[in-house]
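Engineer: Please read through the structure below; I'll follow up with questions.
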Amino acid sequence: MTTSISRRSLLTAGLATGALGGLALTGCSNEGRGATGPTDQAAQTGVLPSYLPYQGVEPDIPAADGVANTFFAYPADPVQGIAEPPGDGQKITTMGLTNTPIPPRLSENAFWQELNTRIGSELDISLYNPSDYSDRFPTAVAGDQLTDIFCVGSAPQLPALLDAK
């Protein structure tokens, strides 16, 4: 058995879908869903930081047309970015997702221990696979237990969430 579609039935289906699609999209507004962020130029001024290119190392090929600076080798004498660890000794909690295996816990992870030393604060890192994170993040928001640093991913009514938290 073969099924054929005529040009007329395809055109009719397309027109009907377009007409119904326009009606369906009227329900996709942000009306009544909280803030949507600054919309006028005055409110947006100062929202994003200004870009200042780093002048400490000369690139082998300077940036152009949206491509970043290119370096052929690590600098022989790298510039030290900070003199003292930036942390204040307080624990920094983080929550995020990863597609890679979860790293070893702090007591078994030399890299993480060194990172804590260089930061000057203890990092409490919680990583989850994406399928678990989609449950854990909303639970943390609902329980008012967001960490200091977290990955939002996709959140309904994101502007309202950011305003509230």
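A short reminder: the numbers here are calculations on the coordinates, not readings from a lab. Computed from a predicted model, the values in this text were never measured in an experiment. In this analysis, Cβ positions are derived from the backbone assuming ideal geometry, glycine residues included, and neighbour counts consider all displayed protein chains.
Engineer: If packing is taken as the mean number of other Cβ atoms within 10 Å per residue, what is the order of 73-85, 105-117, highest first?
Structural biologist: Per-residue mean Cβ counts within 10 Å order the peptides as 105-117, 73-85.
Engineer: Using a Förster radius of 30 Å, what is the FRET efficiency between Ala63 and Ala160 based on their Cβ-Cβ separation? Nearest 0.05, please.
Structural biologist: That gives a FRET efficiency of 0.20.
Engineer: Please work out the FRET efficiency for the pair Asn109 and Leu52, using the Cβ-Cβ distance as r and a Förster radius of 41 Å; give the result to the nearest 0.05.
Structural biologist: The formula returns an efficiency of 0.75 here.
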